[in-house]
1. Toward the positive end of the charge dipole of region 79-224, about the Cα centre and with charges on Cβ (Lys, Arg +1; Asp, Glu -1), which of Ala184, Ala170, Thr155 goes farthest?
2. What distance in nm separates the simple spin-label points at Gln116 and Lys31, each placed 7 Å from Cα in the Cβ direction?
3. Among Ala200, Leu40, Ile2, whose Cα projects farthest towards the positive end of the dipole of the chain, with charges put on the beta-carbon of Lys, Arg (+1) and Asp, Glu (-1)?
4. Only Lys, Arg, Asp and Glu count, each charged at its Cβ (+1, +1, -1, -1), so figure out the dipole size of the chain about its Cα centre, rounded to 20 debye.
5. Where does helix 2-13 land angle-wise versus the long Cα axis of the chain, in degrees 0 to 90, nearest 10?
6. When you count, for each residue, the other Cβ atoms within 10 Å and take the mean per peptide, how do 34-41, 201-208 rank with the highest first?
7. Given +1 on the Cβ of Lys and Arg, -1 on the Cβ of Asp and Glu, and no further charges, what dipole in debye does region 24-90 carry about its Cα centre, rounded to the nearest 20?
8. Give the relative contact order (percent, whole number) for region 2-137; include only Cα pairs under 8 Å separated by 6+ residues.
Amino acid sequence: MIEYLIENISKVIGEEIPIFHIISLHPKIVKEEEFIETILYDMKYKFAFNGKLVPKRERLMNFMLERGTSNRYKVVVSLIDEAQCLTEQRYEWLMDYYNKLQKEKTLLLTYLVGLQQLSAQKIIFKSANADQIVERFMTMEHKFFGIRSEEDIQTLLTCYDDPDKSEYPAGNGWSFTRYYFPEAYATGSRLADFSSTVYALLKSVRQKEKIKTAFEIPCIAILK
């Protein structure tokens with residue numbers, strides 16, 4: 001999902017927007033300096049570990065401001081993976097940069113991607129009157145679901161059939177289905193034609209394994 005956003009946000013907007021995928025903010029990071037180094041490193045900044053704390057603060061701020069003012073929307077997009085690992089202190093550090101960039105009329109647009117605990121954190125922050133965090137980083141919430149119906153399977157498989165959505169190899173105008181099953185594709189067969197078969201097989205496996213929860217298959221399991 002994150003890779004899709006990185007590849008398509010600028011296309012949808014119609015302008016090249018700086019987008020950074022932050023993946024290394026693991027629970028062991030407790031010092032501000034480590035926090036800044038990690039963000040700079042994930043932003044592919046060449047000198048992420050050089051210097052002391054104060055120069056690193058300035059380096060991160062200047063780098064985001066430079067990238068933010070490089071587009072007419074004056075925005076920097078940050079996609080933070082495993083965001084349930086963020087503590088209140090880390091949000092406070094992020095908020096410093098949000099506020100400084102805002103003062104320069106530049107927006108730090110942050111998407112938090114994580115497990116269900118992330119929703120619980122939002123509730124905790126609200127109950128603790130930490131509105132400054134919620135209003136900057138948690139204003140909207142969207143749960144990403146897996147495959148839950150035959151229609152979902154059909155939608156997914158149709159993407160493999162359509163070269164506009166899954167061109168492979170890149171640049172040749174072919175879809176995944178045409179590339180891997182050229183003879184069947186030439187006769188008009190498409191993966192989406194087998195949606196009901198795939199759905200029935202998945203339900204059969206769930207019955208065999210005595211899985212009684214609501215039907216939902218992670219997309220990554222389908223793609224594998």
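1. Checked the options; the winner is Thr155.
2. 3.7
3. Working it through, the farthest residue towards the positive pole turns out to be Leu40.
4. Dipole about the Cα centre, nearest 20: 460 debye.
5. That works out to roughly 80 degrees.
6. The densest-packed peptide leads the list: 34-41, 201-208.
7. Using only the charged Cβ atoms, the result is roughly 320 debye.
8. 24
Coordinate-derived values only; no laboratory data. Everything quoted here is computed from the prediction, not taken from an experiment. FYI the Cβ positions are ideal-geometry reconstructions off the backbone, even for glycines, and counts take in every protein chain you see.
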